[in-house]
Every structure is written in C-alpha cells, then in structure tokens.
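Have a look at the structure below before the remarks.
The values are calculated or read from the model by the stated rules, or taken from the named source; none is laboratory data. Since the structure is predicted, the reported quantities are computational estimates derived from the model, not experimental observations. Don't worry about glycine lacking a Cβ; one is built from the backbone with ideal geometry, like all the others, and counts go over all protein chains shown. The accessibility values were calculated without ligands, DNA or RNA, using every heavy atom of the protein model including side chains. Shrake-Rupley method; radii C 1.70, N 1.55, O 1.52, S 1.80 Å.
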Amino acid sequence: MATQGQVITCKAAVAWEPNKPLTIEDVQVAPPQNGEVRIKILYTALCHTDAYTWSGKDPEGLFPCILGHEAAGIVESVGEGVTEVQPGDHVIPCYQAECGECKFCKSGKTNLCGKVRAATGVGVMLSDRKSRFSINGKPLYHFMGTSTFSQYTVVHDVSVAKIDPKAPLEKVCLLGCGVPTGLGAVWNTAKVEPGSIVAIFDLGTVGLAQRVQKLLGIDIDSKKFERVTEFLNPKEHDKPIQQVIVDLTDGGVDYSFECIGNVSVMRSALECCHKGWGTSVIVGVAASGEEICTRPFQLVTGRVWKGTAFGGFKSRSQVPWLVEKYMNKEIKVDEYITHSLALAEINKAFDLMHEGGCLRCVLAMHE
Ligand SMILES: NC(=O)c1ccc[n+]([C@@H]2O[C@H](COP(=O)([O-])OP(=O)(O)OC[C@H]3O[C@@H](n4cnc5c(N)ncnc54)[C@H](O)[C@@H]3O)[C@@H](O)[C@H]2O)c1
Ligand SMILES: CCCCCCO
Ligand SMILES: [Zn+2]
Ligand SMILES: [Zn+2]
C-alpha cells in the first residue's frame, strides 16, 4: 500500500466529552508499530456498550476518544513482527483479544485474554502506552482496543480475526460483538439444552440473537413484541416480573439472560429461574459501582448466576468460524440490521438506538 509507513489523515467520529454529540473530524492515524495492524474500516455497527461509555458512566471511558467496536474492514499495513495478517486481508477487529500464550488463553476455561488488556483498558497501545490517533498533535484515546468509528484504526495483532474475503463486510461487521454475544451466551455460557424454557430480558440485538425455542421475551419497549413467540412487558404487571414468570412457567424458567445492564432486572432474571437448576446469565453491562443482590437462599436452593463476555467465543479463532456459519446460512445476521447510514449520520444512528425501533444500524465509513 502507498500509505505504508505514512501517517493517514481520515474522517472519524470523535467523542470529545460524555453525552456531547460526536463530531466528524480530520484525524491523523499513525503507522502501526511492532505487533500492530492498521485497518481500513469499511463498515461499523453501533452497540449499546458504545452508548454506555459515551454516557460517561464507564470508568474506562477516557475522553476525547474514538468509540466503536463492532466492525469489518481490510488490512492497510502491518507493523514489525506481525505474521497472522497482511495488507489486503479482510478482517474483523476483536475487542476480546486472543494471544494463545497468556494464563487466560492457556487455561482452557475462558475466552478472556490478558495480553493487551492493561493498555486497551486505558485507551493506548501496549508497545509504548501511546495513542495512534491525534488531531493536529493532540492525542485521542483508543476505545476497547478497536475504535472503529474511524475510517482507519490501529489495533493489536492479537485483536484481529482474518475472515473469508467473500463475506459481505456490510453484514459480517455484526460478528464483531452483538450477534456472537447473544449466540454464545446460549451455546457456550449457559449451554442451553433443546426444549428448555428461556426468558430473555432485552429484545435488542444481543437478546434476539439468542436463538432458542421456548422463548419468553421481556422488554419495556412494546415495539419489540413481534420478534418473539411470548412477550411480557414489566410495565403491564403490578407484581414483580419474576413472580409473573414463575407463575406462568410452573415454577420458573430453565435459563434466563439479562441483556440490559440493569442490576434490578438482573435480580428479576435470577429469581425467575427454576429452583434446583435454573441458570441466569448476565450479559448486560451495568454502570460502574452498580452491584447485584439477591437472597443467598436463591443460590443455596440450586439457582446459578453467571456472566459472559463476547458470548464466551475465542475471538481470533472463532470469529472466522462464525463468518463461515453465516456464509453457510447456519446463523442469521441480516435480520438484525434494521438501518444503514453513513458515518456523517452517526449521531442520528445513536438516536435510532435510543428510540427503540432499531436493532443494529450499520454505518458505511467511506460514503
Ligand atoms: N457481555 C458482553 O460481551 C456484551 C456484548 C454486547 C453488548 N453487551 C451489553 O448488552 C446490553 C444490550 O446491548 P444491545 O446492543 O443489544 O442493546 P440494545 O439497545 O439493542 O437493546 C437494549 C434493549 O433493552 C430494552 N430495555 C431497556 N431497559 C429495560 C428494562 N428495564 N426491562 C426490559 N427491557 C429493557 C430496550 O427496550 C432495548 O430493546 C447492553 O448493556 C450492552 O452494553 C454486553
Ligand atoms: C468484555 C465484556 C463487555 C463487552 C461489551 C461489548 O459490547
Ligand atoms: Zn458491543
Ligand atoms: Zn491471551
């Protein structure tokens, strides 16, 4: 690439401070250093976690920054020591890294990876603890090690999944977060058996991506009704929703998933599970400092409370597998894309997310 080794000036949506509109700026993106990859982002989707950090409630939310973590693009250039990808490869950036060498990756018990977390958690790159983004010399923080609301971004090589170049990037960008999280919460974290009764709190993308049979959907947005077989709106009941569900399901559900980030809903999701075996999985990201609570007896009598990150998928090795499953029509992605806009309309895209009629809005980054 002609730009190899050069600073690239491109458009990016910058979050200058919490809750202030993002502005489209000309941003300088430095060349990738040792162990880094510079990616031309072609399509990015918005996830609620972007909105959470933008709200200022996320202690890892450092400003000014470039948000975005659910995207797809093409490798523009690589730094020294990068062997797994090369310029021209089609890739999905992975906020959940996979180095294969750290204690987490070697444990065989988790998809979490510890290699770059100390740097990505404070918005910089591992090699020099600096940012690759700046505006006229003023640095901008990275976000989740991805920062996909920029036409070009720099990520660690352990945070890039090489995918089938035939895959439509405007669709598989959703395999960077929401869809794998929903699928994996069911397949990997809960290991839901066929025929189980499942309650899903949040009928947004993460919630709906949990393709299960006997689904009881709970949401406060009635526009989400048509997407599930049975629906409950907590606002329409004067009893606690967990009691409503226990009464409806002869003692409680086999599995529940909280995909909102609301700690009182998390309690409802646990307490609507069946005594003896019911398992509740926390997917939602709650504001920092928030705590969950329940009576210990809920667990003593057999209920299980657990959580999931990226659906328990190992990113670099399993995102390509998910892309193949999508290409083979074994998993759905298109159905979750309800809106498509251009980068310049990103604030409108966030309004759509908050209005409720939107599942995923995909932004074309170079139109
Ligand atoms: N653990 C992970 O790896 C992971 C990955 C992706 C997203 N998330 C988190 O999952 C959550 C959902 O993300 P998303 O992008 O699907 O969000 P979304 O905005 O698409 O959907 C959120 C849904 O929750 C509903 N809702 C809000 N308050 C509610 C309440 N009190 N009761 C019932 N329903 C309620 C809204 O109507 C909306 O339908 C967010 O907290 C996000 O940060 C976690
Ligand atoms: C790492 C767990 C939280 C990731 C949220 C992505 O939307
Ligand atoms: Zn996300
Ligand atoms: Zn690792």
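If you take all other residues with their beta carbon under 15 Å from the beta carbon of Gly289, and give Lys and Arg +1 and Asp and Glu -1, the sum is -3. Tell me whether region 259-324 comes out rounded, prolate or oblate; compute the Cα gyration tensor, take square roots of the eigenvalues as a ≥ b ≥ c, and use a/c under 1.5 as the rounded threshold. Verdict is oblate for region 259-324.
Annotation for region 236-305: trypsin sites (Lys or Arg not before Pro) lying in DSSP loop with at most 13 further Cβ atoms inside 10 Å of their Cβ are Lys275.
Placing pseudo-labels 7 Å out from each Cα toward the beta carbon at Ala364 and Ala344 gives an inter-label distance of 1.3 nm. Listed values for region 50-55 are Karplus-derived 3J(HN,Hα) couplings in whole Hz (6.51 cos²θ - 1.76 cosθ + 1.60, θ = phi - 60°), namely 4, 5, 4, 5, 4, 5, and x replaces Gly and Pro. Per residue, the solvent-accessible area of region 208-337 (1.4 Å probe, heavy atoms of protein chains only, all protein chains present) comes to 50 Å². Protection proxy ranking for 132-143, 176-187, 58-69, using the average of other Cβ atoms within 10 Å per residue and placing the highest first: 176-187, 58-69, 132-143. So what is log10(I(q)/I(0)) for the chain at q = 0.06, 0.07, 0.12, 0.14 1/Å, when the Debye sum runs over its Cα atoms only? Debye curve over Cα of the chain, log10 I(q)/I(0) at q = 0.06, 0.07, 0.12, 0.14 Å⁻¹: -0.22, -0.30, -0.86, -1.14. Against the compact-protein benchmark of 2.2 N^0.38 Å, the Cα-based radius of gyration of region 126-228 scales to 1.45.
Longer than 20 Å from Cα to Cα, which of Lys162/Lys325; Lys115/Lys314; Lys40/Lys171; Lys11/Lys314; Lys166/Lys325 are they? Say none if no pair is. Walk me through the numbers on the way to the answer.
Numbers: Lys162/Lys325 15 Å; Lys115/Lys314 14 Å; Lys40/Lys171 16 Å; Lys11/Lys314 31 Å; Lys166/Lys325 13 Å.
Pairs exceeding the cut-off: Lys11/Lys314.
Taking every DSSP beta bridge that has both ends in the chain, the antiparallel portion is near 55%. Residues whose amide H lies under 5 Å from that of Leu42, counting only those 5 or more places away or on a different chain, are Ala72, Gly73, Ile74; hydrogens are built 1.01 Å from N in the peptide plane. Straight Cα distances below 23 angstrom link Lys275 to the lysines Lys191, Lys214, Lys239, Lys306, with same-chain residues fewer than 8 positions distant left out. Split the accessible area of the chain by element, probe 1.4 Å, and carbon with sulfur accounts for 52%.
Would you please classify the overall shape of region 35-115 from the alpha carbon gyration tensor, given that a ≥ b ≥ c denote the square roots of the eigenvalues, rounded means a/c under 1.5, and beyond that prolate means a/b larger than b/c while oblate covers the rest? Because a/c hits 1.5 or more and a/b fails to exceed b/c, region 35-115 counts as oblate.
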